[in-house]
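Notes follow once the structure below has been shown.
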Amino acid sequence: MATTSLWHIEGRLKDLIDYVENPEKTKAKTPGLQDLYNVFSYVQRPEATQKGEYVTALNCLRETALRQMILTKKRYGKTDGYIAWHGYQSFKPEEVTPQLAHEIGVKLAKEMWGDRFELIVTTHLDKEHIHCHFCFNSVSFRDGGKYNYSKAERKRMVEISDRLCREYGLSVIEKPRKAPSRLVWLDEKDGKPTRYNVYRADVREAIDFSRTPYYMEDYLRRKGYITDFTGKHWKIRLPQYEHFTRLDTLDERWTSENIRRSMGRYATFGNRRAYISYPPQMPQALSNWFRPFHKTSHVYKLYLHYCYLLGYLPKHTDYKPTSPYLKEDLRKLDELSQQVRYMGKYGIETIDDLYTDREKIQRNMDTLITRRTKLQNKIRRATPAEKETLRQEKAGVTEQITALRKQLKLNQGIEARSAQIQEKTDLYFANEIHAKEAQQQKKPQRRERDTR
């Protein structure tokens, strides 16, 4: 069984040339090309590739691959856009030898790109799963055409990989499902609270604390999930998501039969009810201010309220939210923190303040862009001695524009995030209100049952 993926690398050809000439000097100055530097230093690491034994160059020499890619780009005048492509083919642990994995990887690369592109294939042995890396030029040495990664190409890559695996007697994923984005996949791998990791934690709790499927569903519903345990494959979802997720997709062991056999590990004295915590140190002013289901224009207070719900505020608290509506956003605390600091720094309290700040940023950017254009025109007409001074002045203006663009991005991000915060807090409170109402309805039923 092998999985595959491919993604593009962006950058400027000038930076790539500078890097080839002097990598140590230029590496830190060209963050846009960091991916490519990582690829060519990472894919050929001696410790990962058995001292270079599993490194194969196609249509180029491995020692001069980057230089040859640069010459191809110059030859056809294709120096902009995506600069290269990087992908992998990852095999099931303990299913292939390094030699076999490399042989399959080279065959896949030849069939996919070997007739038109310069590329490097390496096989890495430094993880529990052996995997091949591919890095190839975005411009064809044969006809100067740029590589276009379409849905058809993605399908072709999977089909070739699967066919090669079958030819070598390896397993194949018969019913593939859509993989998460690379960022989400990396966060999942690190155990961060992505949607599916939150699902897994809550399902695991529900299995451990419930003796029967009825109480397991009740546990998950109390957390806020919508459940469907009617068919062979049990499913759950949160209201903000359209599609259900099967439990045996979250963990292949979670079939309905296996769950029934393993239920109630920590339910020694009966079924345990799901517990939803509320931040104990929420300031009364913030708690009283927020009204669920009423859209607010006071974005700063909305952010502060949400930061307390997440346990980000107050500082040094050990409180962690137990609601799945909130836990996923713990991945985004750095972004939330940056946005809160921005609002505090520039005195942004309401959505109107946010718009005013945005207009000011845009005006300043327009002024600086006009100034930079004038400087560029002066540089064309200037003497060699004057050009250096003008270029330095232009570089300073560019730095100011870059800083303003970052501010504008933060400003726009606050508006988008505030709408998401409003929705999630409304869902959180709606679930709590619903749970309290359900609990109140159960009390008369219990009293009626006890009097019989």
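The values are calculated or read from the model by the stated rules, or taken from the named source; none is laboratory data. Source: prediction; values computed, not measured. Neighbour counts are summed over all protein chains in view; Cβ atoms, including those assigned to glycine, are modelled from backbone coordinates with ideal geometry. Heads up: the accessible areas ignore ligands, DNA and RNA and are worked out on the full protein's heavy atoms, side chains in. Shrake-Rupley method; radii C 1.70, N 1.55, O 1.52, S 1.80 Å.
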Review point. Ratio of Rg to Rh for region 285-365, alpha carbon only, Kirkwood?
Key: 1.01
Exercise for review: Whole Å is fine, so just give me how far the alpha carbon centre of region 223-295 lies from that of region 112-137.
Suggested key: 41 Å
Point to revise | Accessible area of the chain belonging to carbon and sulfur atoms, whole % at 1.4 Å probe | key: 50 percent
Practice item. Mind pulling the per residue volume of the convex hull built on the Cα atoms of region 173-324? Å³ is fine. Key: 168 Å³
Study note, to complete from the structure: Here the gain from full extension of Tyr149 to Arg381, 0.36 nm per residue of separation minus their alpha-carbon distance, amounts to 79.2 nm
Review point. So how much slack lies between Arg253 and Gln439, counting 0.36 nm per residue of separation and subtracting their Cα-Cα distance, in nm?
Key: 63.7 nm
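For Thr72, Thr56, Thr370, write out the residues from largest to smallest accessible area, computed with a 1.4 angstrom probe and no ligands counted. Intermediate values should be presented prior to the final figure.
Details: Thr72 10, Thr56 35, Thr370 70 Å².
Result of the area sort, largest leading: Thr370, Thr56, Thr72.
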Exercise for review: Just add up the charged neighbours of Arg116: K/R +1, D/E -1, any other residue whose Cβ is under 10 Å from the Cβ of Arg116.
Suggested key: -2
Practice item. Divide, for the chain, the radius of gyration over alpha carbons by 2.2 N^0.38 Å, where N is the residue count. Key: 1.26
**Study point:** Probe 1.4 Å, all protein chains present, accessible-area order of His124, His102, largest first
**Key:** His102, His124
Check your understanding: In region 139-249, with Lys and Arg counted as +1 and Asp and Glu as -1 at Cβ, which of these residues, Ser140, Ala201, Ser150, has the Cα nearest the positive end of the dipole, that is, farthest along it?
Key -> Ser140
Point to revise | Å³ per residue enclosed by the Cα convex hull of region 309-443 | key: 139 Å³
Revision key, fill the gap. tail above 23 Å in the computed P(r) of region 239-326, as % of all Cα-Cα pairs, reads 49 percent
Study note, to complete from the structure: Scattering profile of region 374-429 from the Debye formula, Cα beads only, expressed as log10 I(q)/I(0) at q = 0.15, 0.21, 0.28, 0.31 Å⁻¹, is -0.60, -0.79, -0.99, -1.07
